[in-house]
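Read through the structure below, which is laid out as structure tokens, and then see the notes.
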């Protein structure tokens, strides 16, 4: 009896890349997390739980972790509410050039994420377009402070992540057999009832995939709160950035990175438990 080794040979290149670019770097981070920071600023090789102890018991880090999860949840919910209608419109429109609508949807990806984020400064700033318009129309007499708060951070994240949600929901809606909707209508359902009983349940895989993607990406970002948020609106990834880049404290930054990785990994595990990772594939059929 011979063993077919073709699957192993075909998977070997991809698994090797994953191992070298993901597993090995994470292994280095795990090792660094047990090192010690000396008084001279150098990293001392050791096996110590001091960094883990400081991060896990300090309410400072716990506060920003909970704040990160809250902002990620609000962003994901906003993307669901704002993204379903455009996705439904693109999937059901009779417009002959539907590909043009998809091209317009993907157009933001052609522009740098940093440039798109910084553009909000010129829109929401005290001398920005929105304040200038409100003052010109006489609605306000003094500029409003619309930047450097959690609302502006959520707004920037929604702008960044909304296309991901729309694309996931669109693919799910596009895969629905229209005969099912026609059958529901022929059995006496109104348009709203057919949507509620047929279209919406069948589009749940796309909603779930988009929600998971938006939540994880929002929870791991640091550019948006760095540009649009204030000191109190930092997210957990900003603490990682400050520890490694600003303070050059690699052991502390490694612990913070692993904590964020574990938390977001737990979210994916919960998703798999209640919905199933296999549902992600259904969103793209």
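Every read-out reported here was derived from the displayed coordinates using simple, explicitly stated rules and does not represent laboratory data. If you're wondering where the values come from, they're calculated on a predicted model, not measured in any experiment. Because the Cβ atoms are built from the backbone with ideal geometry, glycine has one as well, and the counts that use them run over all protein chains shown.
Observations
- Net length gained if the chain between residue 248 and residue 5 were fully extended (0.36 nm per residue, minus Cα distance): 82.9 nm
- Answer label for semi-axes √(5λ) of the Cα gyration tensor in Å (calculated), chosen among (i) 31, 21, 19; (ii) 38, 32, 17; (iii) 37, 19, 19: (ii)
- Label sites at residue 38 and residue 26, each approximated as a point 7 angstrom past Cα along Cα to Cβ, lie 3.2 nm apart.
- Segments 114-122, 62-70, 100-108, 169-177 sorted - mean Cβ within 10 Å per residue, highest first: 169-177, 62-70, 114-122, 100-108
- Helical runs (DSSP H, four residues minimum) scored at -39500 (n - 2.57) apiece and divided by the length of the chain put the mean residue ellipticity at 222 nm at -21000 deg cm²/dmol.
- Cα gyration tensor, the stretch 100-214 - rounded (a/c under 1.5), prolate or oblate: prolate
- When only Cα pairs below 8 angstrom with a gap of at least 6 residues are kept, the stretch 44-282 shows a relative contact order of 26 percent.
- Computed label-point distance, nm, for sites residue 132 and residue 187 using a 7 Å Cα→Cβ extension: 5.7
- Taking the stretch 1-70 and dividing mean pair separation by its residue count, relative contact order in percent (alpha carbons under 8 Å, at least six apart): 17
- Relative to the current alpha-carbon distance between residue 52 and residue 177, full extension at 0.36 nm per residue lengthens the span by 39.8 nm.
- Take each peptide in 155-165, 86-96, 6-16, 187-197, count the other Cβ atoms within 10 Å of every residue, and average; sorted highest first, the result is 155-165, 86-96, 187-197, 6-16.
- Centre-to-centre, using Cα atoms only, the stretch 1-50 and the stretch 224-270 are separated by 20 Å.
- When both the stretch 112-129 and the stretch 175-214 are represented by their alpha-carbon centers, they are found 37 Å apart.
- The label point for residue 102 and the one for residue 275, both projected 7 Å from the Cα toward the Cβ, are 2.2 nm apart.
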